[in-house]
Structures are given as C-alpha cells and as structure tokens.
Amino acid sequence: MASTHMPLKHFALLFFGVLFLAGCGHMTNPSLTPAPSQAPSGWTLVWSDEFNASDGSTPDPTKWNFETGGNGFGNQELEYYTSRPQNAEIQNGNLVITAIKENHTGPDGVSRNYTSARLNTSNKFQQAYGRFEASIKIPYGQGMWPAFWMLGNDISTNGWPTCGEIDIMENIGREPSIVHGTIHGPGYSGANGIGSPFSFPDNRRFADDYHLYAVEWSPSQIKFYVDNNLYATRTPADLPAGTKWVYDHPFFIILNLAVGGGWPGSPDATTAFPQQMLVDYVRVYKPAGS
C-alpha cells in the first residue's frame with residue numbers, strides 16, 4: 001500500500017519483519033447491482049473467501065496471515081496491527097477489520113494509540129494474471145486509509161518496489177468520494193506511482209455502500225474497475241523511459257485498514273472511532289479455458 005503521494009521507505013524490511021511474526025476516471029451510470037454469485041463471463045473461479053464462518057471466528061488461517069507490528073510500515077502509519085479478534089473477525093458474513101483508538105503496547109515493546117489489522121495471502125495463495133475482486137464497504141473519517149492490494153511474491157528476494165505492487169483500491173478519509181488504483185515498480189514507486197482516481201458523477205461517499213473493486217491483469221495490461229466500470233488501463237507504454245514492467249510473476253493479496261500516515265494525515269476531532277472496513281468476499285479468477 002504505497003502512498004501515491006508519499007514515498008514508501010524501508011518497506012521490504014518492515015514487511016518481512018512483521019510477516020515472519022505471523023487516466024483519471026469519472027464514470028457515468030455506475031452500476032450498483034449486487035455482484036452475481038456465478039463467475040463473470042469469460043472467467044473461472046480459482047480461489048475465494050466468502051467469509052461465511054460463524055460470527056466471532058477469526059479469518060481462515062489456511063488462507064490468511066496476520067501481519068503485526070507498529071513501526072509505521074514505511075508510510076508513517078499510526079496504528080499497531082494485531083491478530084486479535086477485536087481487530088479482525090467474521091461477523092454477518094463479512095470480514096470486519098476494526099480500527100480502535102486505544103493505547104496498545106505490542107510484544108515488541110512498541111506502543112501506539114490505535115490498533116487495527118492487516119492480512120495477506122503470502123505463501124497461501126498467489127497468482128499471476130487473472131481477475132482479482134473484492135466487495136468492500138470502506139470506513140469514513142479523516143486519517144483513515146483502507147486498502148485492497150497486491151505485492152509480488154518475490155519481495156523476499158528482490159525487495160520493494162522491484163517485486164511490483166498493484167493497488168486495486170485505496171481511499172483516504174479526506175476524499176470520501178474518491179478511490180485510487182495504482183501500480184508501483186522500480187523507477188515509478190511511492191509518490192511516482194502510476195495511478196488514477198475514480199469518483200461517481202454525483203460524488204456519493206464510498207463509505208455509504210458496498211462496492212466491487214477489481215483488476216483484470218494480463219501479461220500486457222492491468223485494467224482497474226469499480227462496480228464493473230473500467231476507469232483505467234495500465235500497459236508498459238505508461239512506464240517512464242528506461243523502467244521495467246514487473247507484472248509477470250505471481251502476486252499475493254493484502255487487506256488492511258491503516259490509521260494515519262503521510263498521505264491521509266492523522267485523525268482529528270471529527271474522526272469517530274471505532275472505524276470498520278467490511279469485506280463481503282474476495283474472489284480470484286483465471287480466464288475460462290486456460
């Protein structure tokens with residue numbers, strides 16, 4: 001989740017320290033039709049989590065890792081990510097990631113004034129190419145930073161940003177009517193990531209409903225969607241001269257709700273807590289017949 005406005009520093013080191021512990025778009029006529037239960041035309045479902053376990057369950061450990069810690073994750077974030085059920089659990093058929101304003105000291109001795117959760121599928125599910133989608137109801141409030149994104153599975157050997165990053169959806173609280181889709185790679189990362197915003201014509205708040213966020217990724221392009229509206233397409237032609245298209249190997253999935261950071265800024269007196277990011281499902285497809 002590299003900020004599209006702030007550089008991401010020391011990301012790989014922070015990421016693996018915690019892992020071992022556990023075209024601007026403005027579309028008309030957006031569809032709010034609930035996502036169908038069957039695979040979209042031309043796609044075959046290969047992996048999913050519908051989050052239909054009993055209320056109070058923790059996320060499926062065969063599918064998700066918790067990343068824990070409070071060292072800012074390269075973005076000057078203010079939360080401590082925990083594996084506690086109060087920060088991530090199943091409720092009413094959703095994964096509920098909850099950011100809480102509380103004083104918390106982790107087992108590493110780091111103290112923070114907020115807690116939240118960050119989950120990934122590293123070493124449990126990763127795929128090159130396909131359609132990656134999630135139905136999410138994001139929170140609303142200054143300083144909140146929900147994200148649905150992916151990193152290359154070679155991050156442990158090649159580091160960030162050489163591994164590549166695909167931000168399928170990011171939102172910052174001071175922009176309640178805008179979400180962002182961005183790619184980061186060597187020579188176009190952090191503040192220089194290549195991204196596009198999406199907003200509805202009536203500027204409705206994304207926090208007011210579930211929306212379907214997706215990318216369709218092939219060897220030569222990455223397409224970004226909100227509610228099945230295509231709003232940005234990235235190809236090697238978009239890259240700065242002399243840089244490399246690094247989207248040619250498996251990536252894993254990340255869901256998190258950050259508090260604060262260089263891009264969204266800190267919560268203020270208008271920010272109500274707790275804040276929740278509700279994920280109805282995550283689904284991954286491959287092209288039918290492949």
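The values are calculated or read from the model by the stated rules, or taken from the named source; none is laboratory data. Bear in mind that the values here come from a model prediction, so they are computed numbers and not experimental data. Don't worry about glycine lacking a Cβ; one is built from the backbone with ideal geometry, like all the others, and counts go over all protein chains shown.
Taking segment 154-208, which residues are in a loop (DSSP other than H, G, I, E, B) and hydrophobic (A, V, I, L, M, F, W, C)?
TRP160, CYS163, ILE172, ILE178, PHE200
Give ILE90, ILE136, ILE100 a once-over and let me know the one that is buried (at least 17 other Cβ atoms within 10 Å of the Cβ), modelled with pLDDT of 95 or more and within 14 Å of the chain's Cα centre (by Cα).
Answer to the check: ILE136.
Given the options THR82, THR105, THR68, name the one that is polar (S, T, N, Q) and surrounded by fewer than 19 Cβ atoms within 10 Å (Cβ to Cβ).
Step by step, each of THR82, THR105, THR68 is checked, and only THR105 is polar (S, T, N, Q) and surrounded by fewer than 19 Cβ atoms within 10 Å (Cβ to Cβ).
For segment 274-281, indicate whether the set of residues that are surrounded by fewer than 23 Cβ atoms within 10 Å (Cβ to Cβ), more than 16 Å from the chain's Cα centre (by Cα) and among the hydrophobic types (A, V, I, L, M, F, W, C) is non-empty.
no
Take the residues in segment 146-203 that are among the polar types (S, T, N, Q) and in contact with an Asp or Glu (Cβ under 9 Å, 6 or more places away or on another chain), then tell me which one is farthest from PRO267 (Cα to Cα).
Here the residue is THR162.
Let me spell it out: the conditions are (1) touching a strand residue (DSSP E or B) at 6+ places or on another chain (Cβ under 6 Å); (2) buried (at least 22 other Cβ atoms within 10 Å of the Cβ); (3) under 18 Å from ASP167 (Cβ atoms), and SER122 meets all of them except one. Which number is the exception?
Going through the list (1) touching a strand residue (DSSP E or B) at 6+ places or on another chain (Cβ under 6 Å); (2) buried (at least 22 other Cβ atoms within 10 Å of the Cβ); (3) under 18 Å from ASP167 (Cβ atoms), SER122 breaks only (2).
List the pairs whose first member sits in segment 139-158 and is within 11 Å of PHE273 (Cα to Cα) and at pLDDT 95 or above, whose second member is of a type in the set (Phe, Trp, Tyr) and surrounded by fewer than 24 Cβ atoms within 10 Å (Cβ to Cβ), and whose Cβ atoms are under 9 Å apart, counting only residues at least 6 apart or on separate chains?
Short answer, once both residue conditions are applied: GLY141/PHE273.
Only one of ASN113, ASN123 is part of a loop (DSSP other than H, G, I, E, B) and of a type outside the set (A, V, I, L, M, F, W, C); which?
ASN123
Which of (1) touching a Pro at 6+ places or on another chain (Cβ under 7 Å); (2) closer than 30 Å to GLY289 by Cβ does ILE166 not meet, given it meets every other one?
So the condition that ILE166 fails would be (1).
Return the total of residues in segment 51-65 being out of contact with any Leu (no Cβ under 8 Å at 6 or more places or on another chain) and either among the aliphatic types (A, V, I, L, M) or surrounded by 13 or more Cβ atoms within 10 Å (Cβ to Cβ) (or both).
5
So which residues in segment 92-143 are farther than 18 Å from VAL259 by Cβ, touching a Leu at 6+ places or on another chain (Cβ under 8 Å) and among the small types (Gly, Ala, Ser), if there are any at all?
Within segment 92-143, SER122, ALA134, SER135 qualify.
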